[in-house]
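Input: a single structure, listed below in structure tokens.
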Amino acid sequence: MPDAFLQATDVSPGDVVAAVDLGSNSFHMIVARIDDGHMRITDRLKEMVRLGEGLNDDKTLNPEVVARALACLERFGQRLRGFPSGSVRAVGTNTLRQVAPETGFVERAEAALGHPIDVIAGREEARLVYLGVAHGLAAGAQRRLVVDIGGGSTEIIVGQGFSSNLRESLHMGCVSLSRRYFADGRITAKAMEKAQLTSALEVRPVRERFRRAGWEQAVGSSGTVRAIATVVNAEGWCDDGISAESLARLSHALLDLGKTSTINLKGLADERKPVFAGGVAVLRAVFDALEIQHMQVSDYALREGVIYEMMGRYQHEDVRERTVATLCRQFQVDQAHGRRVQATALELFHQLATPWSLHDPDDLQMLAWAARLHEVGVMIAHSQYQKHGAYLLRHADLAGFSRQEQMVLAALVLGHRRKFPMQDFLALPRKKQASARQLCVILRLAVLLHRGRSTVGRHHPTAQAAGERLGLHFPATWLANHPLAHLELEQEAERLVSAGVVLTFC
């Protein structure tokens, strides 16, 4: 079965699509039309929610901030009403990476927006930022350094063309630094120095790698960098972009003003003032650490990268497929065997999709990728290799995958053999629990049917399901001629009891 079949999407040329960026400082939404391989933006919405401001030490969110965020998402949802499944992608970044799952905030946010929300890892955020910035710049072969300062994290990337090859996400942002050092509204020399030193410490572990990366042009993106550029240009300190000298002048000007309430810099919006000093401290630390003399500014960032990622998936250039292929090579997976397991799993899926209501295109993709990766942990150790594989998939930086997708993939690989790990499926997002459990049952049966690793074609059973009862029907005499398979099916029927599935076969 061709890989392109596995990359189904509802996005087509001429369609209107949307990307929603749930940042730690602002929520953004862009609506665009895909036209002949290009993105034409038709609408932009932005609200300063300051989600990171409401994050408590116990990883819960302040009720006032929750109310503000949900109200914003409801307004976004009104604009997105009528958008079909697959035409909207919403991503959550640093603050949502930290919020405790048991708060249920992501589920409430999805209900308000009316579309799923993917919480993405820091390096995945960096990849999407670079993708957006690269599409917004003139074509060129030079290597670029991209710096994106958000509310709670700063992404630093080096890439060439549309591909990024060095990505980091650092735990510092305009909201987090402002909360920590300028919470009382005073901008003192001591506070600014501490904010810059804290930022420098975050950059230090990756400083030398980025200095030696051979980049020729520095580019900044997102609200903080654009706000700084607007001010230094309006004040006459730099004609284009941001120079190191103009950034130093801006820092001194903030110290002279002394308070966030008295900031009267040209071009700076009132809503940006409470977090501006923290953003300046972060950018100065990055300039100093990476020896940047001048930075261009991009109008494109994460949300535009999300749109281009959606377009790539339509054009069968899904980066997740490349990630899976790379993992298979790196961990020396028996890919021929994985393809055979995948083919059988997909045969069973198509027979069971209707009775088990497996209609989400992601279900098919996750099953296929899990089949190819089910032995990814063997290279570490054969004993309990399903646990090693699950750990890798849960914690690795998998380009293109959201955190929720990695959790599902890890659960499928963990559950493909031996005891059924029901608790791991109950730990998944609520909307994924039932379908992931059913996909795992399908994967287990496909793996079992290929236990002998024969390369010779064999007869596969037909499958029927009614609720939690699953029946397999083999050709006449097949079970009698394969006593080992018969015994394994008996053992599997016992194991699936804990998954709530009654397996019968004849």
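Points to keep in mind about this one:
- Exactly one residue among Gln342, Gln332 is outside the structural domain of Val17 (by TED's automatic domain parsing) and at positive phi, and that residue is Gln332.
- Arg204 modelled with pLDDT of 95 or more, under 26 Å from the mean Cα position of the chain (by Cα), part of a helix (DSSP H, G or I) and within 23 Å of Ala134 (Cβ to Cβ): no
- Looking across the stretch 140-154, the residues that are surrounded by 23 or more Cβ atoms within 10 Å (Cβ to Cβ) and over 15 Å from Ile292 (Cβ atoms) come down to Gly150, Gly151, Gly152, Ser153.
- Qualifying residue in the stretch 426-436 (condition: aliphatic (A, V, I, L, M), surrounded by 15 or more Cβ atoms within 10 Å (Cβ to Cβ) and more than 25 Å from His388 (Cα to Cα)): no
- Residues (surrounded by fewer than 18 Cβ atoms within 10 Å (Cβ to Cβ) and part of a loop (DSSP other than H, G, I, E, B)) located in the stretch 225-267: Glu235, Gly236, Trp237, Asp239, Asp240, Gly258, Asn264, Lys266, Gly267
- Some residue of the stretch 178-192 being of a type in the set (Phe, Trp, Tyr) and either closer than 16 Å to Gln296 by Cα or in the same structural domain as Leu22 (by TED's automatic domain parsing) (or both): no
- Any hit, the stretch 202-223, residues being free of Cβ contacts under 8 Å to residues at least 40 places away in the same chain, buried (at least 20 other Cβ atoms within 10 Å of the Cβ) and in contact with a strand residue (DSSP E or B) (Cβ under 7 Å, 6 or more places away or on another chain): no
- The sole residue among Asn56, Asn25 that is out of contact with any strand residue (DSSP E or B) (no Cβ under 7 Å at 6 or more places or on another chain), farther than 20 Å from Glu107 by Cβ and either modelled with pLDDT under 95 or not hydrophobic (A, V, I, L, M, F, W, C) (or both) is Asn25.
- Applying the criterion of being in a helix (DSSP H, G or I) and out of contact with any strand residue (DSSP E or B) (no Cβ under 6 Å at 6 or more places or on another chain) to the residues of the stretch 130-147, the residue that is farthest from Glu309 (Cα to Cα) is Gly136.
- Scanning the stretch 112-129 for residues that are part of a helix (DSSP H, G or I) and within 17 Å of Asp318 (Cβ to Cβ) returns Glu124, Arg127, Leu128.
- The stretch 467-487: number of residues that are under 15 Å from Val502 (Cα atoms) and either assigned by TED's automatic domain parsing to the domain that holds Leu449 or surrounded by 14 or more Cβ atoms within 10 Å (Cβ to Cβ) (or both): 4
- Residue match in the stretch 317-328 (condition: part of a loop (DSSP other than H, G, I, E, B), touching a residue at least 12 places away in the same chain (Cβ under 8 Å) and closer than 30 Å to Glu193 by Cβ): no
- Among the residues of the stretch 285-302, at least one is assigned by TED's automatic domain parsing to the domain that holds Gly161, assigned to a helix (DSSP H, G or I) and either among the charged types (D, E, K, R) or without any contact (Cβ under 8 Å) to a residue 60 or more places away in the chain (or both).
- Sole exception among (1) touching a Cys at 6+ places or on another chain (Cβ under 6 Å); (2) over 23 Å from Tyr181 (Cβ atoms); (3) polar (S, T, N, Q) for Ser243, by number: (1)
Yes/no per residue for (1) touching a His at 6+ places or on another chain (Cβ under 8 Å); (2) more than 16 Å from Ile117 (Cβ to Cβ); (3) in contact (Cβ under 8 Å) with a residue 24 or more places away in the chain:
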{"position": "Ser26", "(1), (2), (3)": "no, no, yes"}
{"position": "Arg33", "(1), (2), (3)": "no, yes, no"}
{"position": "Arg40", "(1), (2), (3)": "no, yes, no"}
{"position": "Met48", "(1), (2), (3)": "no, yes, yes"}
{"position": "Asp57", "(1), (2), (3)": "no, yes, no"}
{"position": "Thr60", "(1), (2), (3)": "no, yes, yes"}
{"position": "Glu64", "(1), (2), (3)": "no, yes, no"}
{"position": "Arg75", "(1), (2), (3)": "no, no, yes"}
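- Members of the stretch 358-373 that are touching a residue at least 40 places away in the same chain (Cβ under 8 Å) and not in a helix (DSSP H, G or I): Leu358, Asp360
- Qualifying residue in the stretch 79-91 (condition: in a helix (DSSP H, G or I) and touching a helix residue (DSSP H, G or I) at 6+ places or on another chain (Cβ under 9 Å)): yes
- Filter pass, Arg127 being in contact with a strand residue (DSSP E or B) (Cβ under 6 Å, 6 or more places away or on another chain) and buried (at least 17 other Cβ atoms within 10 Å of the Cβ): yes
This table checks each residue for (1) closer than 22 Å to Phe27 by Cβ; (2) of a type in the set (Phe, Trp, Tyr).
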{"residue": "Val99", "(1), (2)": "yes, no"}
{"residue": "Phe105", "(1), (2)": "yes, yes"}
{"residue": "Arg108", "(1), (2)": "yes, no"}
{"residue": "Ile117", "(1), (2)": "yes, no"}
{"residue": "Gly122", "(1), (2)": "yes, no"}
{"residue": "Val129", "(1), (2)": "yes, no"}
{"residue": "Asp148", "(1), (2)": "yes, no"}
{"residue": "Arg167", "(1), (2)": "no, no"}
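The values are calculated or read from the model by the stated rules, or taken from the named source; none is laboratory data. The structure presented is a predicted model; accordingly, all values stated were derived computationally and were not measured. Neighbour counts run over all protein chains shown; Cβ positions are idealised from the backbone, glycine included.
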